[in-house]
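Below: one structure, written as structure tokens.
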Amino acid sequence: MATRRPPASDLPFRGPPEELRRTLYLLAIVLGLLVVGALNVLAYSTGTRNLYVQVVLPVTMIPVLFSLGWLLSRRPLALPERLMFFTVNVQVLAQALLEEMQRPALSGGSDLVYWSVVVNVMLAYLLFPNREAGRYSAALFVLSVVVPWAGLALGGGAVSADLPRVQLTVGIVLLFVHALSWYRGQFEAQRSEVRVMAQLAHTDLLTNLPNRRGMYPAVQELLTSGGAALLLDLDHFKRVNDTFGHQVGDEVLERSARLMEAQLPPGGKVGRWGGEEFLMTLPGLGAPEAAQLAERLCQTFRTQSMVGVGLVTVSVGVTLARVGETLPALVARADEHLYAAKHAGRDGWRDAPLLDGGADGSVSAFPDV
């Protein structure tokens, strides 16, 4: 069953790597603990009574200390991220309520609370899908607007023009944050779709190897810098399909792909060229190394029994790339050598066409290159 991809509006921002986030959280917690300690020392030394500094901050440090231990134990980040997010929200709400209780008039002097709201909302967009973060942003903004006006309704007092200005400014900022997050989600969704489409266009879905189109860059590298190419074909593969069915044939193709991948030297690449044919590119390899690899591949298939089928051998055409030649010319020459291996009895490799008197399977010295 296909899995439904979430809509772009639900995609979160791509956060930084986990180790970087862990380090940043640890630094933020240590810095926060130092600040809380310094504020309390200052408050007690001056004899100042501040409920937020002396009560709210120390109490909210309890979940912060728990998060610190969690982070140091190298556990997953999801729990401390959400716990610290909740703690910061409690601090912002407590600060707003205490300021409203202490201020005799709505003078607009609570800018710090509103910008704390902005910071919290930005953090929410980093931790949660856009839709959830948008709901949180709207709820927090409404709360930050309602609390001051509710204080006015209950206690009376003068209203400064700064208050609606600050509230309007913060509202606009939050709208921009949401819009940027939404556009980022759209961009990420489109980029993901393009990446998937590109992968599908260049990948054989059965074997998960590059398909013919996906192998073009590798062949072009050979034609530019030199190297060897191997064209491989599974022997009597039509009999496998006719005798055991196409599902078993697909399993043989998948298993063959893994065997070929396992024999790849550094820098080499193998792809499904079509049907039961595979193309292997080997940049920088000369004739002796290519011949050894071809023989090793044939030997591997001779010793690997396919489930439900038995042995499936392979024939290989080997050739060297000529710098500056065309892709069709390279593949045609490899195909000619592959046909020679088939004509010689299969389960082997050739690096040149069979000549008159050459049907004994003798190995040439790459006279064509």
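No value in this document is a laboratory result; all are computed from the given coordinates. The structure presented is a predicted model; accordingly, all values stated were derived computationally and were not measured. With ideal geometry, Cβ positions are generated from the backbone for all residues, glycine too; neighbour counts draw on all protein chains shown.
In a shell of Cβ-Cβ distance under 13 Å around Thr224, excluding Thr224 itself, what net charge do Lys and Arg (+1) and Asp and Glu (-1) give? Display every interim value, and only then the final one.
Details: positive: Arg322; negative: Glu221, Glu325.
That works out to -1.
Can you compute the modelled spin-label distance between Leu175 and Arg239, with each label point 7 Å from Cα toward Cβ, in nm?
7.5
Write down the radius of gyration of the range 143-282 and its Dmax, each obtained from C-alpha positions, in Å.
When restricted to Cα atoms, the range 143-282 yields Rg and Dmax of 30.8, 94 Å.
Starting with the highest mean, order 288-301, 175-188, 124-137 by the number of other Cβ atoms within 10 Å, averaged over the residues of each peptide. It would help to have the intermediate numbers written out before the result.
Working: 288-301: 17.4, 175-188: 15.5, 124-137: 19.3.
Final packing ranking: 124-137, 288-301, 175-188.
What is the extension gain from Leu259 to His246, computed as 0.36 nm multiplied by their sequence separation minus the C-alpha to C-alpha distance, in nm to one decimal?
Using 0.36 nm per residue and subtracting the Cα-Cα distance, I get 2.7 nm.
So how far, in whole Å, is the C-alpha centre of the range 236-301 from the one of the range 127-146?
For the range 236-301 versus the range 127-146, the Cα centre distance is 56 Å.
Pop the C-beta distance of Arg346 and Ala201 into the FRET formula with R0 = 35 Å and round what comes out to the nearest 0.05.
FRET efficiency, Arg346 to Ala201: 0.60.
Report, to one decimal in Å, the Kirkwood hydrodynamic radius for the range 166-217 based on all distinct Cα pairs.
It is 13.8 Å.
In whole Å, what are the Cα extents of the range 212-350 along the three principal axes, biggest one first?
So the three principal-axis extents are 44, 27, 27 Å.
Calculated FRET efficiency, Val30 and Trp115, Cβ-Cβ r, R0 25 Å, to nearest 0.05?
It comes out at approximately 0.65.
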